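The values are calculated or read from the model by the stated rules, or taken from the named source; none is laboratory data. For clarity, every value in this text was computed on a predicted model and none was experimentally measured. Here the Cβ is made from the backbone with ideal geometry for all residues, glycine too, and neighbour counts use every protein chain on show. SASA here: full protein model, heavy atoms, side chains in, ligands and nucleic acids out. Shrake-Rupley method; radii C 1.70, N 1.55, O 1.52, S 1.80 Å.
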Amino acid sequence: MKVGTFFVRVWRMVSIAGFLLALFSSYISYPDAVAVRFDELNHPVQTLDREVIFYLAIGIFIINNTLLDLIARLFLKVPTAQIPIPNQATWAANRPQLNKVFKNWFNALMASVNTILGLGLLVLSFLNRSDRPIRAIEYAWLLPLSTAIILVVLVSLPIRLSMKPGDDD
(Lines give C-alpha, C1' and ligand atoms only; values in the text may rest on other atoms or scores of the structure.)
Protein backbone atom coordinates (compact mmCIF):
# COMPACT_ATOMS: atom_id res chain seq x y z
CA MET A 1 0.00 0.00 0.00
CA LYS A 2 1.33 3.40 -0.95
CA VAL A 3 1.75 6.22 1.55
CA GLY A 4 -0.94 8.38 -0.10
CA THR A 5 -3.49 5.57 -0.03
CA PHE A 6 -2.67 4.80 3.60
CA PHE A 7 -2.95 8.47 4.59
CA VAL A 8 -6.34 8.88 2.89
CA ARG A 9 -7.74 5.69 4.43
CA VAL A 10 -6.56 6.65 7.92
CA TRP A 11 -7.86 10.21 7.48
CA ARG A 12 -11.26 8.91 6.41
CA MET A 13 -11.56 6.54 9.39
CA VAL A 14 -10.34 9.21 11.82
CA SER A 15 -12.74 11.76 10.31
CA ILE A 16 -15.68 9.38 10.78
CA ALA A 17 -14.71 8.68 14.39
CA GLY A 18 -14.06 12.38 15.01
CA PHE A 19 -17.40 13.35 13.51
CA LEU A 20 -19.27 10.86 15.68
CA LEU A 21 -17.39 11.99 18.78
CA ALA A 22 -18.09 15.65 17.96
CA LEU A 23 -21.74 14.88 17.19
CA PHE A 24 -22.49 13.17 20.48
CA SER A 25 -20.33 15.35 22.70
CA SER A 26 -21.75 18.53 21.23
CA TYR A 27 -25.33 17.23 21.42
CA ILE A 28 -24.86 16.57 25.13
CA SER A 29 -23.46 20.05 25.74
CA TYR A 30 -25.98 21.97 23.61
CA PRO A 31 -28.77 23.86 25.35
CA ASP A 32 -32.30 23.25 24.05
CA ALA A 33 -32.06 26.33 21.82
CA VAL A 34 -28.64 26.48 20.17
CA ALA A 35 -27.41 29.91 19.09
CA VAL A 36 -26.24 29.69 15.48
CA ARG A 37 -25.98 33.36 14.52
CA PHE A 38 -24.63 36.33 16.47
CA ASP A 39 -24.70 40.12 16.09
CA GLU A 40 -21.75 42.52 16.41
CA LEU A 41 -22.08 42.51 20.21
CA ASN A 42 -21.96 38.68 20.32
CA HIS A 43 -25.62 38.37 21.29
CA PRO A 44 -27.50 35.43 19.78
CA VAL A 45 -29.69 36.51 16.88
CA GLN A 46 -30.89 33.13 15.65
CA THR A 47 -31.32 29.79 17.39
CA LEU A 48 -32.17 26.25 16.34
CA ASP A 49 -33.32 23.27 18.36
CA ARG A 50 -30.50 20.91 19.18
CA GLU A 51 -32.42 18.01 17.63
CA VAL A 52 -32.57 19.87 14.31
CA ILE A 53 -28.79 20.35 14.34
CA PHE A 54 -28.27 16.71 15.34
CA TYR A 55 -30.42 15.28 12.55
CA LEU A 56 -29.16 17.77 9.99
CA ALA A 57 -25.56 16.79 10.75
CA ILE A 58 -26.41 13.09 10.51
CA GLY A 59 -28.21 13.71 7.20
CA ILE A 60 -25.25 15.58 5.72
CA PHE A 61 -22.89 12.85 6.94
CA ILE A 62 -24.96 10.01 5.44
CA ILE A 63 -25.56 11.81 2.14
CA ASN A 64 -21.89 12.79 1.85
CA ASN A 65 -20.51 9.32 2.49
CA THR A 66 -23.17 7.41 0.57
CA LEU A 67 -23.27 9.64 -2.50
CA LEU A 68 -19.51 10.04 -2.88
CA ASP A 69 -18.94 6.31 -2.35
CA LEU A 70 -21.56 5.55 -5.00
CA ILE A 71 -19.91 7.96 -7.44
CA ALA A 72 -16.51 6.42 -6.72
CA ARG A 73 -17.86 2.94 -7.46
CA LEU A 74 -19.58 4.09 -10.65
CA PHE A 75 -16.37 5.74 -11.83
CA LEU A 76 -14.82 2.30 -12.31
CA LYS A 77 -17.35 1.65 -15.10
CA VAL A 78 -16.60 4.81 -17.09
CA PRO A 79 -14.47 4.11 -20.19
CA THR A 80 -11.02 5.73 -19.99
CA ALA A 81 -11.51 7.48 -23.32
CA GLN A 82 -14.44 9.46 -21.89
CA ILE A 83 -12.55 10.78 -18.87
CA PRO A 84 -11.08 14.23 -19.59
CA ILE A 85 -7.60 13.83 -18.14
CA PRO A 86 -4.12 14.90 -19.22
CA ASN A 87 -1.83 12.15 -20.48
CA GLN A 88 -4.87 10.20 -21.68
CA ALA A 89 -2.88 7.51 -23.48
CA THR A 90 -0.56 6.93 -20.54
CA TRP A 91 -3.41 6.64 -18.07
CA ALA A 92 -5.40 4.40 -20.45
CA ALA A 93 -2.58 1.88 -20.30
CA ASN A 94 -2.62 2.07 -16.49
CA ARG A 95 -6.34 1.98 -15.71
CA PRO A 96 -5.96 0.20 -12.33
CA GLN A 97 -3.72 3.03 -11.11
CA LEU A 98 -6.18 5.62 -12.45
CA ASN A 99 -8.95 3.88 -10.51
CA LYS A 100 -6.83 4.04 -7.35
CA VAL A 101 -6.14 7.74 -7.87
CA PHE A 102 -9.84 8.53 -8.21
CA LYS A 103 -10.86 6.22 -5.34
CA ASN A 104 -8.32 7.93 -3.07
CA TRP A 105 -9.52 11.34 -4.19
CA PHE A 106 -13.17 10.52 -3.48
CA ASN A 107 -12.17 9.14 -0.08
CA ALA A 108 -10.22 12.34 0.64
CA LEU A 109 -13.25 14.40 -0.38
CA MET A 110 -15.45 12.38 1.99
CA ALA A 111 -12.91 12.77 4.78
CA SER A 112 -12.65 16.52 4.23
CA VAL A 113 -16.42 17.01 4.50
CA ASN A 114 -16.53 14.80 7.61
CA THR A 115 -13.66 16.76 9.16
CA ILE A 116 -15.23 20.14 8.44
CA LEU A 117 -18.61 18.98 9.73
CA GLY A 118 -17.06 17.67 12.95
CA LEU A 119 -15.09 20.89 13.49
CA GLY A 120 -18.24 22.93 12.87
CA LEU A 121 -20.16 20.97 15.48
CA LEU A 122 -17.37 21.44 18.01
CA VAL A 123 -17.17 25.19 17.38
CA LEU A 124 -20.94 25.48 17.73
CA SER A 125 -20.69 23.58 20.99
CA PHE A 126 -17.95 25.90 22.28
CA LEU A 127 -19.95 28.97 21.31
CA ASN A 128 -22.96 27.75 23.27
CA ARG A 129 -21.20 26.94 26.52
CA SER A 130 -22.66 28.64 29.52
CA ASP A 131 -19.42 28.63 31.50
CA ARG A 132 -17.70 31.27 29.37
CA PRO A 133 -18.65 34.41 27.48
CA ILE A 134 -19.52 34.13 23.81
CA ARG A 135 -16.76 35.44 21.58
CA ALA A 136 -17.47 34.31 18.05
CA ILE A 137 -14.29 35.98 16.77
CA GLU A 138 -12.23 33.35 18.62
CA TYR A 139 -13.50 30.78 16.15
CA ALA A 140 -12.92 32.79 12.98
CA TRP A 141 -10.26 30.24 12.00
CA LEU A 142 -12.93 27.70 11.02
CA LEU A 143 -13.86 29.25 7.66
CA PRO A 144 -10.28 29.70 6.33
CA LEU A 145 -9.31 26.24 7.56
CA SER A 146 -12.37 24.66 5.95
CA THR A 147 -11.69 26.49 2.71
CA ALA A 148 -8.05 25.38 2.76
CA ILE A 149 -8.98 21.74 3.37
CA ILE A 150 -11.46 21.70 0.47
CA LEU A 151 -9.08 23.55 -1.87
CA VAL A 152 -6.19 21.20 -1.11
CA VAL A 153 -8.36 18.17 -1.84
CA LEU A 154 -9.85 19.68 -5.01
CA VAL A 155 -6.47 20.79 -6.38
CA SER A 156 -4.77 17.49 -5.54
CA LEU A 157 -6.61 15.56 -8.26
CA PRO A 158 -5.49 17.65 -11.28
CA ILE A 159 -1.95 17.74 -9.88
CA ARG A 160 -1.87 13.97 -9.46
CA LEU A 161 -3.38 13.38 -12.91
CA SER A 162 -0.78 15.62 -14.53
CA MET A 163 1.91 13.29 -13.19
CA LYS A 164 2.75 9.98 -14.78
CA PRO A 165 1.28 6.80 -13.33
CA GLY A 166 3.52 5.44 -10.60
CA ASP A 167 5.11 8.82 -9.73
CA ASP A 168 3.68 8.75 -6.21
CA ASP A 169 5.66 5.70 -5.04
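May I ask you to list the residues in segment 122-137 that are under 16 Å from Arg37 (Cβ atoms) and either modelled with pLDDT of 80 or more or in contact with a Phe, Trp or Tyr (Cβ under 9 Å, 6 or more places away or on another chain) (or both)?
Val123, Leu124, Ser125, Phe126, Leu127, Asn128, Ile134, Ala136
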Exercise. (1) part of a helix (DSSP H, G or I); (2) open to solvent by 90 Å² or more (accessible area, probe 1.4 Å); (3) modelled with pLDDT under 85: which one isn't true of Tyr55, the others all being true?
Worked result: (3)
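Each row is one residue, and each column tells you yes or no for (1) surrounded by 15 or more Cβ atoms within 10 Å (Cβ to Cβ); (2) within 14 Å of the chain's Cα centre (by Cα).
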{"position": "Leu109", "(1), (2)": "yes, yes"}
{"position": "Thr115", "(1), (2)": "yes, yes"}
{"position": "Leu122", "(1), (2)": "yes, no"}
{"position": "Pro133", "(1), (2)": "no, no"}
{"position": "Val152", "(1), (2)": "no, yes"}
{"position": "Leu157", "(1), (2)": "yes, no"}
{"position": "Met163", "(1), (2)": "no, no"}
Seminar exercise, completed: Restricted to segment 87-101 and to residues being polar (S, T, N, Q) and either open to solvent by 40 Å² or more (accessible area, probe 1.4 Å) or touching a His at 6+ places or on another chain (Cβ under 9 Å) (or both), the residue nearest to Thr5 (Cα to Cα) is Gln97
For this session: Go through segment 94-137 residue by residue and tally those that are over 30 Å from Val52 (Cβ atoms) and out of contact with any Ser or Thr (no Cβ under 9 Å at 6 or more places or on another chain).
Result: 6
Exercise. Tell me, which residue of segment 16-50 that is in contact with a Lys or Arg (Cβ under 8 Å, 6 or more places away or on another chain) and not in a strand (DSSP E or B) is most open to solvent (accessible area, probe 1.4 Å)?
Worked result: Asp32
For this session: Please specify each residue of segment 58-81 satisfying the condition of being surrounded by 11 or more Cβ atoms within 10 Å (Cβ to Cβ) and either among the charged types (D, E, K, R) or touching a residue at least 40 places away in the same chain (Cβ under 8 Å) (or both).
Result: Ile60, Phe61, Asn64, Asn65, Leu68, Asp69, Arg73
Exercise. Assigned to a helix (DSSP H, G or I), open to solvent by 60 Å² or more (accessible area, probe 1.4 Å) and of a type outside the set (Val, Ile, Thr): does that describe Pro84?
Worked result: no
